[in-house]
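Participant: Submitted below is the structure of interest, expressed as structure tokens.
The values are calculated or read from the model by the stated rules, or taken from the named source; none is laboratory data. Quick caveat, the model's predicted, so the values are computed rather than measured. Cβ placement follows ideal geometry from the backbone for every residue including glycine, while neighbour counts extend to all protein chains displayed.
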Amino acid sequence: MLELNKSIFKKTIGIDDFSHILVVDDDRRIRSLLSRFLISEGYKVSVASNVNDAEETMNDFLFDLIILDVMMPGENGTSFAQRLKLNSNIANFTPILMLTALGETENRIAGLTAGADDYLAKPFDPRELLLRVANILKRSRVNLNYIKDIPFGSFVFNIETGHLHQDGEIVSLTLRERDILKILIANANKCVSRSDLAHASGRSLISERSIDVEIARLRRKLEKDPKTPQYLKTIRGHGYQLTIDGQPINKL
């Protein structure tokens, strides 16, 4: 069964410090134990008690892996996994590890058919969980080896996954910030209007004023001095431009 012990495999099985995992389980004890255990192993962790909470959290953050319980009040994990896999904007880059107390073959097949990348029955040994997590993340990175990283200054932006790094450390972005940054990078060194950003941000229709707020938040993450930006510049009366030196960027 799951118990919190000393760090087991930290720094020995290729774990990235910045991998962000979402734990979705209606059992508060399981959420707490998994969160503390994964954090102790170098992961960043967010938690949700049900599918609705998980979806709200996924609107704000990008995740490298979802650990998803099957049996929950409301929508169950199998149904949620199936919906995620039908949403290519999320599922292409978010693998799923399903947890359940139902260990029968039929239940495992149902979870894997719904789109889970792996399946672990409760109770489980935390060492096995950790190995499965590491293997899933390793496979997902191999599948994304072809993706082009776009460097600017001390930053590197992966145009496909939406991950932003600065000097090797991940910079946390909300989904809306990621969408806006992808659009600006796809149109690097060109002005993009507020209207175009508002309509192309990919989540929901937002006002042009909201775009100004999102840009201000992005500047705080990208610029040493947001009042005199080096990268994310305002083109008065027109919109915003991300200034990137080097080769032209392919369109998305």
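Participant: Does any residue in the range 181-195 that is farther than 19 Å from ILE159 by Cα come within less than 6 Å, Cβ to Cβ, of a residue that is surrounded by 17 or more Cβ atoms within 10 Å (Cβ to Cβ) and modelled with pLDDT of 85 or more six or more places away or on a different chain, and which pairs are these?
Facilitator: Listed pairs, sorted by first residue: SER193/GLY239; ARG194/ILE211; ARG194/GLY239.
Participant: Against the condition modelled with pLDDT of 80 or more and either over 16 Å from VAL133 (Cβ atoms) or in contact with a Cys (Cβ under 8 Å, 6 or more places away or on another chain) (or both), how does GLU106 come out, does it pass?
Facilitator: Details: modelled with pLDDT of 80 or more: no; either over 16 Å from VAL133 (Cβ atoms) or in contact with a Cys (Cβ under 8 Å, 6 or more places away or on another chain) (or both): yes.
When the stated conditions are applied, GLU106 does not pass them.
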